[in-house]
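Let me begin by presenting the structure, written as structure tokens, before commenting on it.
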Amino acid sequence: MVIAVIGVLLFFAFVICLIWGIVNLVRKKKAKKVFLISLASLVLCFVLALVDSSNDEEQAAEKEAQMQKEREARIEKKPAKTASAEVEKPIFSFVEASAIVLKMKEKDVDDDINRYDFIKTSVMKGYLATKMKDHVYTFADVDKSGEWTRVTFSDDNKKVIKVEMSPDLEKKAIAFNNKEADKEKEKAAETAKKEEAQKKADEQKKQEEQKAKEEAQAKAAEEKRKQEEAARVAEEKRVAEQKQKEQEALQAKQQAEAEQARKEAEEKAQAEAEAQAQQQQQQTQTASFANCTEVRAAGRAPIRQGEPGFEPKFDRDGDGIGCDQ
């Protein structure tokens with residue numbers, strides 16, 4: 001700690017001397033001595049840093065060694081395991097473990113596992129195992145000396161041939177297995193119920209999806225029908241408008257033809273009238289009538305004075321109009 005404080009002070013001395021030397025250089029004063037002091041401070045600072053680092057490593061090593069000694073001391077103080085305490089802690093209660101062994105006998109199957117090792121290390125773990133004779137073992141709960149389970153295995157230790165228990169323990173084991181069987185039944189029933197509910201939910205979902213699909217198809221079909229109907233109406237309207245335009249064009253054409261025919265007829269009639277009038281005029285200009293009877297027969301009565309064919313004899317009263325009586 002002291003070395004670290006001295007190192008910090010030397011570093012500050014280095015910085016101050018460095019700044020002072022620079023200022024002297026700017027002022028054009030002697031700065032060599034100041035720079036030497038600054039350099040010496042820096043060197044001493046590095047040396048102290050190296051020393052401090054070495055001390056830290058030594059302290060860390062000493063601390064690690066002390067911790068190792070403490071661990072070894074704790075290990076030495078632990079009591080050695082006895083032969084009767086091969087397994088530290090049971091996995092199951094003795095009743096539950098005995099019930100599992102009994103169930104293994106009731107549902108015995110051929111397989112490749114060593115049943116004794118399996119029962120000892122996985123089922124009866126933590127309980128006292130005693131070999132009675134070849135392939136016959138007794139498992140006892142050291143805390144409850146009155147409870148024991150005796151298991152007879154096959155020669156290869158792969159099958160449980162016989163299971164014997166203390167009376168009270170056997171009753172408890174049977175009750176435990178019955179309870180477990182009831183739990184399994186309830187669990188199976190609950191599972192079946194959930195599966196049935198899930199099946200109904202899936203079926204309902206499927207029906208809803210099918211209904212939605214059918215509604216979507218019906219909606220699409222209705223939309224298509226509306227579009228087709230709209231297209232049909234538009235086509236009919238277009239055709240009707242086209243027919244109307246054609247009818248109007250035909251009517252206009254017929255009217256134009258009729259008008260043309262009328263004009264031609266009028267022109268023809270006018271020409272014929274003009275020709276007839278001209279002919280009549282020519283006839284009138286050259287006509288001479290013997291009396292009013294001929295004038296009337298020619299359709300000229302009454303005939304006026306100045307008109308072709310007028311003669312004073314036709315005007316008896318002298319009013320300028322002949323054959324008026």
Next on the checklist: I'd like the Karplus ³J(HN,Hα) series for region 222-227: coefficients 6.51, -1.76, 1.60, θ = phi - 60°, whole numbers in Hz, and an x wherever there's a Gly or Pro.
Outcome noted: 5, 5, 5, 4, 4, 4
Checklist outcome for this item: Stretched fully, the stretch from residue 212 through residue 175 gains (0.36 nm per residue minus C-alpha distance, one decimal, in nm) 8.0 nm
Checklist outcome for this item: Going through 125/159; 125/162; 179/206; 125/187; 193/219; 103/193 one by one, the pairs whose alpha carbons sit over 30 Å apart turn out to be 179/206; 193/219
Next on the checklist: Residues of region 230-254 with the amide nitrogen closer than 14 Å to a label point 7 Å from the Cα of residue 262, along Cα-to-Cβ, please.
Outcome noted: 252-254
Checklist outcome for this item: In order over region 173-187: 3J(HN,Hα) from phi, Karplus 6.51/-1.76/1.60, θ = phi - 60°, whole Hz, x for each Gly or Pro, gives 5, 5, 4, 4, 5, 5, 5, 5, 5, 4, 4, 5, 5, 4, 5
Checklist entry - When we measure straight from the Cα of residue 253, which lysines land under 28 angstrom away, once same-chain ones fewer than 8 places off are left out? => result 237, 243, 245, 263, 268
Checklist entry - Taking amide hydrogens as modeled 1.01 Å from N in the peptide plane, which residues meet the under 5 Å criterion relative to residue 165, leaving out close sequence neighbours? => result 150
Checklist outcome for this item: One quarter of the C-alpha convex hull surface, i.e. the mean projected area of region 170-325 in nm², amounts to 19.9
Item to check | Cα centre as origin, Lys/Arg/Asp/Glu Cβ charges: region 107-229 dipole, Debye | outcome: 260
Checklist entry - Rg(Cα) of region 88-202 divided by 2.2 N^0.38 Å? => result 1.28
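Where a number appears in this text, it was derived from the coordinates with a stated rule and is not lab data. Here the structure is a predicted model, which means the values were calculated and not measured. For neighbour counting, all protein chains shown are included, and Cβ atoms are generated from backbone atoms with ideal geometry for every residue, glycine included.
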